[in-house]
Amino acid sequence: MGNTPSTPARAPAPPAPAAPTVGAKATPGQYDAEFTKQFTGYNQDGKPVGSEGQVFKPCCVCPDTKRERDECVLANGEENCAAFIERHKACLRSYGFSPK
Amino acid sequence: MLRSVLPTLARRTILATTPSSLAARVLTLPLSRAPARPAAAASWRRTFATAPQEPVKGNKVRSYVESEGRFSSLAYRSLGLMLLTGAAIYLYFDIEKEKARQVIEARNADQAVGKPKLGGPFSLIDTNGKPVTDADFRGKFMLLYFGFTNCPDVCPEELEKMATALDSLDPTMSTKITPIFISVDPKRDDIAAVRDYVAEFHPRLVGLTGTYDQVKAAAKAYRVYFSSPPPEENVDDDYLVDHSIFFYLMDPQGAFVDAYGKNLMADQVAARMRARVEAWEKTEGPIAA
């Protein structure tokens with residue numbers, strides 16, 4: 001994952017979002033910049049919808065961050081996976097959800 | 001590193017201490033007698049037995065003549081052989097020690113990855129309103145799933161997969177596994193809701209729920225991530241529950257055996273469960289169906 005050495009001596013790239021690591025501390029919103037906004041608004045049921053009118057489902061919009069989080073919790077316990085948990089929440093927010 | 005040095009070292013010392021045919025014969029003796037590592041001994045014998053053959057062939061007479069000055073007495077020769085044997089044995093055990101260390105390391109790594117420390121006691125309420133604990137399910141394998149009855153997409157999919165996996169097993173095998181659904185949304189999932197829900201998926205599926213704290217403790221023990229609002233939080237009923245999706249296979253003594261994620265198909269889950277049950281029965285004896 002995103003840890004390949006980049007070409008040397010290039011102009012300072014924008015700071016790459018740090019991929020979560022096991023045991024890392026996390027603050028709410030820390031990962032929000034990583035995810036571009038996907039939803040355009042809410043339908044009359046209050047569900048977030050995309051630019052083509054598709055209704056997003058919280059179960060299924062962020063499979064990668066969800067899988068990483070679940071595997072981290074399974075292997076290390078929830079208390080050691082705060083960064084993974086925050087990152088999945090950041091992804092959900094980009095789809096218009098408000099996870100706790 | 002040692003391994004690469006060793007043959008060279010052995011060859012060189014043998015060449016130096018001709019008469020080499022004698023040295024080779026004596027040196028192979030203690031090693032070929034070691035019964036614990038026949039394969040290793042064989043490879044050793046090969047090193048010692050074949051290496052000196054080149055100089056021996058055709059050069060036999062010259063070697064004897066050359067050696068006369070250096071090893072004139074039998075005592076020197078014996079001493080040399082003794083030291084050589086000692087060095088060989090030392091190196092041999094050093095290599096074996098290194099091998100053993102690598103095996104242990106590999107085993108530890110396997111445990112760290114493949115066997116998370118999870119499981120443990122839980123105390124919940126079944127669909128008859130009776131309190132149950134993990135101890136009530138001893139004697140059979142448990143197949144645990146944490147979810148919630150309002151789960152719109154993933155849970156039904158996963159529970160159907162579970163039912164398919166169980167039903168694809170031989171009935172005598174399938175009944176050695178108790179499927180259990182534990183709700184992580186006790187606020188909305190009362191006993192009746194769980195009862196109706198589990199009946200949809202499998203006739204033997206046990207549904208459990210409890211207080212928020214009970215469910216939270218169970219989820220923590222099994223390392224299930226879940227977010228559903230605690231009871232003191234005032235939210236409308238249309239909230240989002242997010243939870244990890246794994247099936248946990250626990251052995252008849254309640255110890256964690258295997259976890260199955262979303263990536264596995266029903267037949268893969270079934271095959272792995274069957275293998276686990278068979279392996280357990282092989283060492284611990286048959287499970288009453």
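The values are calculated or read from the model by the stated rules, or taken from the named source; none is laboratory data. For clarity, every value in this text was computed on a predicted model and none was experimentally measured. Virtual Cβ from ideal backbone geometry, glycine too; neighbours counted across all protein chains shown. Each accessible area value is taken on the protein alone, full model and side chains, heavy atoms only, with ligands, DNA and RNA left out. Shrake-Rupley method; radii C 1.70, N 1.55, O 1.52, S 1.80 Å.
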- Message: Quick check on my filter: what residues within the range B:273-289 are open to solvent by 60 Å² or more (accessible area, probe 1.4 Å) and of a type in the set (Asp, Glu)?
- Response: B:GLU278, B:GLU284
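The rows are residues; the columns are (1) open to solvent by less than 30 Å² (accessible area, probe 1.4 Å); (2) touching a His at 6+ places or on another chain (Cβ under 9 Å); (3) not aromatic (Phe, Trp, Tyr).
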| position | (1), (2), (3) |
| --- | --- |
| B:LYS130 | no, no, yes |
| B:PHE146 | yes, yes, no |
| B:ASP153 | no, no, yes |
| B:LEU159 | yes, yes, yes |
- If you check B:ALA199 against the conditions, is it more than 24 Å from B:ASP136 (Cα to Cα), among the aliphatic types (A, V, I, L, M), free of Cβ contacts under 8 Å to residues at least 60 places away in the same chain and surrounded by fewer than 16 Cβ atoms within 10 Å (Cβ to Cβ)? no
- Message: Filter the range A:44-62 down to the residues that are within 8 Å of another protein chain (Cβ to nearest Cβ) and either open to solvent by 50 Å² or more (accessible area, probe 1.4 Å) or hydroxyl-bearing (Ser, Thr, Tyr) (or both) and list them by number.
- Response: A:LYS57, A:CYS60
- Task: Report yes if A:GLY96 is in contact with a Pro (Cβ under 6 Å, 6 or more places away or on another chain) and either at pLDDT below 90 or more than 28 Å from B:ALA221 (Cβ to Cβ) (or both), otherwise no.
- Result: yes
- List every residue pair whose Cβ atoms lie under 6 Å apart, where the two residues are 6 or more positions apart in sequence or sit on different chains, the first residue falls within the range B:125-143 and is touching a residue at least 24 places away in the same chain (Cβ under 8 Å), and the second residue, located anywhere, is in a strand (DSSP E or B) and open to solvent by 60 Å² or more (accessible area, probe 1.4 Å). B:ILE125/B:PRO131
- Message: What's the total number of residues in the range A:24-37 that are open to solvent by 80 Å² or more (accessible area, probe 1.4 Å) and more than 14 Å from chain B (Cβ to nearest Cβ)?
- Response: 6
- Note on the structure: Considering residues that are within 10 Å of chain B (Cβ to nearest Cβ) and crowded, with 21+ Cβ neighbours inside 10 Å, the number found within the range A:63-76 is 6
- Filter pass, A:VAL55 being modelled with pLDDT under 90 and more than 30 Å from B:TYR248 (Cβ to Cβ): yes
- Message: Just to verify a result, which residue in the range B:244-268, among those that are of a type in the set (Phe, Trp, Tyr) and open to solvent by 10 Å² or more (accessible area, probe 1.4 Å), is farthest from the other protein chains (Cβ to nearest Cβ)?
- Response: B:PHE256
- Taking the residues in the range B:169-196 that are of a type in the set (Val, Ile, Thr) and open to solvent by less than 10 Å² (accessible area, probe 1.4 Å) as candidates, determine which candidate is farthest from B:ASP134 (Cα to Cα). B:VAL194
- Given (1) open to solvent by less than 40 Å² (accessible area, probe 1.4 Å); (2) within 13 Å of B:LEU143 (Cβ to Cβ); (3) in contact with a helix residue (DSSP H, G or I) (Cβ under 8 Å, 6 or more places away or on another chain); (4) of a type outside the set (Asp, Glu), where does B:TYR222 come up short, assuming only one miss? (3)
- Residues being part of a helix (DSSP H, G or I), more than 7 Å from chain B (Cβ to nearest Cβ) and open to solvent by 50 Å² or more (accessible area, probe 1.4 Å): count how many of those fall in the range A:77-100. 3
- Task: Being away from chain A (no Cβ under 11 Å) and either surrounded by 16 or more Cβ atoms within 10 Å (Cβ to Cβ) or out of contact with any helix residue (DSSP H, G or I) (no Cβ under 7 Å at 6 or more places or on another chain) (or both) is the filter here, so list the residues in the range B:225-243 that pass it.
- Result: B:GLU232, B:ASN234, B:ASP237
